[in-house]
Amino acid sequence: IVRTFRAMFRRPLELKAIISQMESLGVRSLAIVAVTSLFIGMVMTLQFAFGLQRFGGIEFIPRVVVLSFARELAPTLTAVIVGGRIGSGMAAEVGAMNVTEQVDAIRALGADPAKKLVLPRMVASILVMPILSVFALTLGTIGAIFICTLQFDITPDFFIQSSLESMRLSDFMSGLMKTPFFGFIISIVGCHFGLRTTGGTEGVGLSTTRTVVVVSIAILVADFFLTKIFIGIFGG
């Protein structure tokens, strides 16, 4: 982490590598985020409706679903799912370079692996995670609207109006502001295990497995502390 932050202030800026990583990490993750968030939105709507029906509170479905997505589900679920994909990809890519001595070659040429390999991935992850979170929130809301219209006779206009009445900017920001931290965790963990890879192809496989486990746990632990902090800042 220290080496990567030091590399941020040294020229040249790795803009081309950062843009390439943003395309690899962000654009190629849109499909899995879309499918996951869409169906999670539908499932959450059905689950909340089942509970609220007992108390005659069907009209509160839009408020509960959108608040849950904005504050927690969209940022955290997206980070766990995307983190498993892109974190393992980083570990595999950097790990393969390490076992084939390409990282040693970078050092031999006088370049810093932290600047050439870690920094572009870290910056790209921090930048794309908020975008993917907003995308997940949008698709999850669309899935919820679809189920509400189809099964519970709640019109899209009522759904949107009810959601906007209950949701504040602080609710949206408390979820969105977690995502750069998640992006940082994903990239640092993936590159860390990649650079520590030894033992050929077997070592690469072991590094990717460790990355998925550590990224998932680290995101959930970080989510708890970030939620506590942002509730203190923005209020409950």
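The values are calculated or read from the model by the stated rules, or taken from the named source; none is laboratory data. None of the values given here were measured: they were computed from a predicted structure. Here the Cβ positions follow ideal geometry from the backbone for every residue, glycine too, while neighbour counts run over all protein chains shown. Just so you know, the surface numbers come from the protein's heavy atoms only, side chains and all, with ligands and any DNA or RNA stripped out. Shrake-Rupley method; radii C 1.70, N 1.55, O 1.52, S 1.80 Å.
Quick one: count up the residues across the stretch 31-56 that are open to solvent by 30 Å² or more (accessible area, probe 1.4 Å), touching a helix residue (DSSP H, G or I) at 6+ places or on another chain (Cβ under 7 Å) and either modelled with pLDDT under 90 or farther than 15 Å from I131 by Cα (or both).
Residues flagged as open to solvent by 30 Å² or more (accessible area, probe 1.4 Å), touching a helix residue (DSSP H, G or I) at 6+ places or on another chain (Cβ under 7 Å) and either modelled with pLDDT under 90 or farther than 15 Å from I131 by Cα (or both) within the stretch 31-56 amount to 9.
So how many residues does the stretch 5-44 have that are in a helix (DSSP H, G or I) and farther than 23 Å from P75 by Cβ?
Of the stretch 5-44, the ones in a helix (DSSP H, G or I) are 5-7, 15-25, 27-44.
Okay, now just the ones that are also farther than 23 Å from P75 by Cβ, so 5-7, 15-17, 19-20.
Going through the stretch 5-44 one residue at a time, the tally reaches 8.
Contact list please: Cβ distance under 8 Å, first residue in the stretch 196-210 and more than 13 Å from T100 (Cα to Cα) and without any contact (Cβ under 8 Å) to a residue 24 or more places away in the chain, second residue of a type outside the set (S, T, N, Q) and open to solvent by less than 90 Å² (accessible area, probe 1.4 Å), pairs at least six apart or on different chains.
So the pair list comes out as L206/G199.
Does A144 qualify as being more than 20 Å from G83 (Cα to Cα), at pLDDT 85 or above, part of a helix (DSSP H, G or I) and out of contact with any Pro (no Cβ under 6 Å at 6 or more places or on another chain)?
yes
Quick check: anything in the stretch 107-123 over 26 Å from G26 (Cα atoms), β-branched (V, I, T) and more than 14 Å from the chain's Cα centre (by Cα)?
Within the stretch 107-123, not a single residue is over 26 Å from G26 (Cα atoms), β-branched (V, I, T) and more than 14 Å from the chain's Cα centre (by Cα).
Conditions tested, residue by residue: (1) on the phi < 0 side of the Ramachandran plot; (2) open to solvent by 20 Å² or more (accessible area, probe 1.4 Å); (3) not β-branched (V, I, T).
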site: P156; (1), (2), (3): yes, yes, yes
site: F182; (1), (2), (3): yes, no, yes
site: S187; (1), (2), (3): yes, no, yes
site: C191; (1), (2), (3): yes, no, yes
site: T208; (1), (2), (3): yes, yes, no
site: T211; (1), (2), (3): yes, no, no
site: V214; (1), (2), (3): yes, yes, no
site: I229; (1), (2), (3): yes, yes, no
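Looking at R10, R6, which is the one that is open to solvent by 40 Å² or more (accessible area, probe 1.4 Å), among the basic types (K, R) and over 27 Å from S88 (Cβ atoms)?
That would be R10, the only listed residue that is open to solvent by 40 Å² or more (accessible area, probe 1.4 Å), among the basic types (K, R) and over 27 Å from S88 (Cβ atoms).
Given (1) of a type in the set (V, I, T); (2) closer than 25 Å to L119 by Cβ; (3) in contact (Cβ under 8 Å) with a residue 12 or more places away in the chain, identify the lone condition not met by I40.
(2)
Among the residues of the stretch 157-177, is any under 17 Å from G83 (Cβ atoms) and either in contact with a Pro (Cβ under 8 Å, 6 or more places away or on another chain) or at pLDDT below 90 (or both)?
Looking through the stretch 157-177, at least one residue is under 17 Å from G83 (Cβ atoms) and either in contact with a Pro (Cβ under 8 Å, 6 or more places away or on another chain) or at pLDDT below 90 (or both).
So which residues in the stretch 94-151 are among the β-branched types (V, I, T), open to solvent by 70 Å² or more (accessible area, probe 1.4 Å) and under 17 Å from R196 (Cβ atoms)?
If the condition is that a residue be among the β-branched types (V, I, T), open to solvent by 70 Å² or more (accessible area, probe 1.4 Å) and under 17 Å from R196 (Cβ atoms), then T100 is the only one that fits.
Name the pairs whose Cβ atoms lie under 6 Å apart, with the first residue in the stretch 71-93 and hydroxyl-bearing (S, T, Y), the second open to solvent by 20 Å² or more (accessible area, probe 1.4 Å), and 6 or more positions between them or separate chains?
Partner pairs satisfying both residue conditions: S88/T208; S88/V212.
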